[in-house]
Amino acid sequence: MVCAQDITEQRSLMAHLTRRIAFGATQAELDKLETQNYEDVVDDLLDPGESNHLPDELVLRYHTEVHEQRVGPWSAKQWLYRMVTTDTPIVEKMALFWHGIFATGYAKTNQARALAVQIDMFRKFGLGKFDLLLEELSKDPAMIIWLDNQDNHKGAINENFGREILELFSMGIGNYTENDIKECSRAFTGWTLKNAEYMSVRAMKDSIWPYGRISWHYEYREDDHDEGVKTFLGETGNLNGSDIVRIISKQRVAAEFISRHLYDFFVADEVPVPQWPYTPPKDPKAIATLADAYLSNDHDLKEVLRVLLKSEFFKNSRYERVKCPVEYVAGCLRVSSAVNKPTLLMNEAVSVMEYMGQSLLNPPSVEGWHEGTEWINSGSIVERVNFAYEVWGNSGSIEVKDITDRLSVDGDMYAEEVVQSCLNFMGPLELTEEATKSAIIDHVSRNGLIKFGDKSSKTRSQAEERIAEILALVAASKEYQRA
């Protein structure tokens, strides 16, 4: 068991890795990771295997409203359970990454189940090859409805999906022409839904479980596909949607676009995506390195992430990203070990994410959310502070008891010592404003020396209450808002 003063650079690096590629780690998890080689840990994380998490059946039995999945918050609750309890958090983190880029909302689908199916698709293909992921996305019922491809017909194209797959999903503004959009749209004619109008009406009235009859399915209608010759990004032929995906995926600009998204999500906050055509990347060399890895590994995203996570620019990027509300809430719940069975706390967790500015499965537009410091304002920070206090202020939680046990090894402690130790356990964090740290120390000092006593004593219970309060105050700091 590691005590606060034993925090090593290796442990700090592992904490950084798990904040970025997962939703943080408990002290017990860090104990295990600290003894392993960093490169090996990265390789293991990138090969997650089968997921073990709180069973969906148990969640459905406890949260009966989740059965129907008619609206986003119910499906969001099920996903949040998965983020908090899974032993393969990288799978959920990648699903969240793609949800932010391929932003799709339940409001237009009339049935949140379609979004849950899309998230399952991200879990399956999110760490694979980009061309395969993009093709699956093009066949995804939620995306087809979201961007109107069911209305994209031979002789009467709808350019919505054709435009967004280039502008927001793969290449960015300035790297294609208006004619490319038209030709792309022609290639995706016939990529539609089976019985779309009937299912759209039924989705407003029906549930999926136990007797529901909702069934969104992709269907290729050959008679509605434009078989004419098309020219797209310099290639000419009787192109279909699969050809478009193939052509896009091999472009250098696509490699750089996806690499910049990966950098923004896993390394350091970039400017919002609409500014990318006019603002160079924060670290052009890093983007070039990732783009090279993308192209040399046949668009394999796992290999791009491997290069990213083992790079010096990643290792040196601690606390350069503001946690989005989902990361903040899931991280608090996961690291505090507050959730190991169904709990009504999850109802509040989903709601408070919305109050913080992020409605999971219901992004504000196809552009997704603007990240970084735009997450923080006077209203959202109050929600973050209150939620952190509710979760970390619970002296009965497993993690609070574990941290208290670790601190007790050194005997009774003064406020300054225990605050610094809690900062180490929660990061390690370094408060940039000395006044903040002094205020916490002064608050803790009012009740004198922190005494631990025996494990089952009243003194230990009192110590746990004081440690929980300190951890909650640390979680409310501006530094803890960053990953």
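Annotation note: of 399, 430, 434, the sole residue that is of a type in the set (Asp, Glu) and crowded, with 16+ Cβ neighbours inside 10 Å is 399. I'd like to verify a number: residues in region 175-210 that are of a type outside the set (D, E, K, R) and modelled with pLDDT of 95 or more, how many? Residues that pass the stated criteria total 13.
Restricting attention to region 290-325, the residues that are assigned to a helix (DSSP H, G or I), over 24 Å from residue 164 (Cβ atoms), β-branched (Val, Ile, Thr) and in contact (Cβ under 8 Å) with a residue 24 or more places away in the chain total 0. What are the residues in region 326-338 that are in contact with a Phe, Trp or Tyr (Cβ under 7 Å, 6 or more places away or on another chain) and not in a helix (DSSP H, G or I), if any? Correct list: 336 only.
The residue of region 248-260 that is nearest to residue 16 (Cα to Cα), among those that are crowded, with 20+ Cβ neighbours inside 10 Å and not charged (D, E, K, R), is 259.
Scanning region 392-417 for residues that are closer than 22 Å to residue 338 by Cα, among the hydrophobic types (A, V, I, L, M, F, W, C) and out of contact with any Asp or Glu (no Cβ under 7 Å at 6 or more places or on another chain) gives 392, 398, 403, 407.
Counting only helices (runs of 4 or more DSSP H) that fall entirely inside region 68-125 and contain at least 2 residues that are aromatic (Phe, Trp, Tyr), closer than 15 Å to residue 21 by Cα and modelled with pLDDT of 95 or more, the qualifying elements are 89-101.
Just to verify a result, which residue in region 6-45, among those that are crowded, with 16+ Cβ neighbours inside 10 Å, in a loop (DSSP other than H, G, I, E, B) and not small (Gly, Ala, Ser), is farthest from the chain's Cα centre (by Cα)? For region 6-45, the residue satisfying everything is 7. Looking across region 263-284 at every residue that is touching a residue at least 24 places away in the same chain (Cβ under 8 Å) and part of a helix (DSSP H, G or I), the one that is farthest from the chain's Cα centre (by Cα) is identified as 274. Those residues that are within 28 Å of the chain's Cα centre (by Cα) and outside any helix (DSSP H, G or I), I need them from region 446-482; list them, please. Hits for region 446-482 are 476, 477, 478, 482.
Whenever a residue of region 169-194 is part of a helix (DSSP H, G or I), its partners that are at pLDDT 95 or above and among the β-branched types (Val, Ile, Thr), lying with C-beta atoms within less than 8 angstrom and at least six residues away or across chains, give the pairs 179/231; 182/157; 183/231; 184/165; 184/244; 185/157; 186/157; 187/244.
The values are calculated or read from the model by the stated rules, or taken from the named source; none is laboratory data. Quantities reported herein were computed from a predicted structural model and do not represent experimental measurements. Cβ atoms come from the backbone with ideal geometry, glycine included; neighbour counts cover every protein chain shown.
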